[in-house]
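As structure tokens, the structure follows; a few thoughts come after it.
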Amino acid sequence: MFILIKNGEVYAPHPLGIQSILICGGSIVQIGDIDEGELRGISNIDVIDAAGMIVSPGIIDPHVHLIGGGGEGGFATRTPEIQLSSIIRAGVTTVVGCLGTDGTTRHMTSLLAKARGLEEEGVTAYIYTGNYSVPTPTITGSVKDDVILIDKVVGAGEIAIADSRSAQPSTHEVAKLVAEARVGGLLSKKAGVTHFHVGIGTERLGMLRSLMKDYEIPPANIYATHVTRTQELFDEAVELSHAGAYVDITADEKTAEWIAYYKSNGGALSQLTVSSDGNGSLPVFDEKGEMVGFGVATQEMLFNQVVQSVKHYGMDLSEALGLVTANTAKALRLENKGHVKEGMDADLIILDQETLDIKHVFAKGKHMLSGQEIIVKGTFE
């Protein structure tokens, strides 16, 4: 069975112009001039006419609470598991799941099971091993062994630093954890990154600079998120990107503005990604550390802010798309993701050329959303 997407303007995420894309068996098998009549003569074929539309890689969301998060306001504030339709509607075709504050009532095995379930339902799913704490919870008893032995584990995270909710680890303790993740990645040909939750503490990114300087941790194994909490923190994130570390913005109403600031202040664009924190809690604390508000993050905010960065801040579309496709694939070493290229996984979104609204989503070659209507829903939806 073939799927032919024709007449679309392809961003790979770099612009390729108007091209046809042929999909078979979950992969992109050809890009360019494709003889539709010849294909019809040899096989069944579905055709999507993408005239007036843009074809882009599917979005990779590197920070999602697949089994929910939260709980800082008590048991009733635990957020729910994410559903497949929420992922697809947001244009996301690959997710990376994490635990957050709670590593007691939420478990690594449950996170792994959820990732495998989402794979069965149609998207690609990976996870980080661990949570805020150091030592951090694992499946095998070792960060290194989790990365090596469990196919879905791409690194460690989210490890909390500069935050009152962290385990207040020493730099040496964190360095040992990051080194384990790195070695696990080397031995299994994975990213082996450590994904850091950064809070509002005055230390900001000082520990991460120390990891690179004093412990010889390669910058590419450091991946810091939530870096827009304060101007001072974000300025340090810009500098961290120059060293070769990866930095991630959690999508909210001001994300497009932060992206524009990052670019205008010389941040290394290849080192920047944007994530949703999907289904994670959004607690608001006062100056005494008491929670005074609560919300839940949604994945739809992610692409919304990519669009805003283009429409309102003049960012080139290919650069904006790269923040949620190619850059994320590079940071997490997902070699078959993040690009429209022959041989890559057929994870694609099709956008209205004028509005940039998501019209179609393909995940691993399967048509998941058409005309903004969900085709494939989760098992219990």
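Just a few scattered comments:
- Span per principal axis, largest first, for the Cα atoms of the chain (Å): 66, 43, 41
- Along principal axes, Cα extents of region 98-219, largest first, whole Å: 42, 31, 24
- Between GLU38 and PHE75, the distance separating the two model label sites (each 7 Å from Cα on the Cα→Cβ line) works out to 6.5 nm.
- Distance between the 7 Å Cα→Cβ label points at ASP357 and THR379: 3.4 nm.
- Helix-only CD estimate at 222 nm, as mean residue ellipticity for the chain, using -39500 (n - 2.57) per DSSP H run (n ≥ 4): -8500 deg cm²/dmol
- Tilt relative to the chain, helix 300-311 - C-alpha long axis, 0 to 90 degrees, to 10: 70
- Centroid-to-centroid separation of region 173-244 and region 129-147 [C-alpha atoms, Å]: 17
- Antiparallel content of DSSP bridges confined to the chain, in %, to 5: 50
- At an R0 of 41 angstrom, the distance between the Cβ atoms of HIS14 and SER370 translates into a FRET efficiency of 0.95.
- Spacing of the two label points (7 Å from each Cα toward its C-beta) at GLU203 and THR230, in nm: 1.4
- Length available on full extension from SER164 to GLU253: 0.36 nm per residue minus the Cα-Cα distance, which gives 29.6 nm.
- Pairwise inverse Cα distances across region 313-370, averaged and inverted, put the Kirkwood hydrodynamic radius at 12.4 Å.
- Of the GluC sites (Glu not before Pro) found in region 200-277, those in coil by DSSP whose Cβ has at most 12 other Cβ atoms within 10 Å are GLU216, GLU253.
- Other-chain or far-sequence residues with amide H under 5 Å of ALA156's (modelled H): THR129, VAL193, THR194, HIS195
- Per residue, the solvent-accessible area of the chain (1.4 Å probe, heavy atoms of protein chains only, all protein chains present) comes to 40 Å².
- Computed across region 28-72, the Kirkwood hydrodynamic radius from all distinct Cα-Cα pairs reaches 15.2 Å.
- Förster radius 30 Å - calculated FRET efficiency between THR109 and GLU335, Cβ distance, rounded to 0.05: 0.65
- Counting only alpha carbon atoms, the long axis of helix 108-121 and the longest principal axis of the chain meet at about 10°.
- For region 341-381, diffusion coefficient by Stokes-Einstein and Kirkwood Rh (Cα), 4 °C, 1.567 mPa s, µm²/s: 117
- Summary of the geometry: region 110-127 and region 1-54, compared by the centres of their Cα atoms, lie 28 Å apart.
- In range of the label at SER210: residues from region 221-256 whose backbone nitrogen is under 16 Å from the point 7 Å along Cα→Cβ: none
- Remark on region 243-381: ratio of C-alpha radius of gyration to 2.2 N^0.38 Å is 1.17.
- Tilt relative to the chain, helix 255-264 - C-alpha long axis, 0 to 90 degrees, to 10: 90
- 10 Å Cβ shell holding at most 10 others, DSSP loop, trypsin sites (Lys or Arg not before Pro): longest site-free stretch of the chain: 1-188
The values are calculated or read from the model by the stated rules, or taken from the named source; none is laboratory data. Note that this is a predicted model, so its numbers are computed, not measured. Glycine gets a Cβ as well: all are built from the backbone with ideal geometry, and neighbour counts include every protein chain shown. Note: accessible area is taken over every heavy atom of the protein model, side chains too, but ligands, DNA and RNA are not part of it. Shrake-Rupley method; radii C 1.70, N 1.55, O 1.52, S 1.80 Å.
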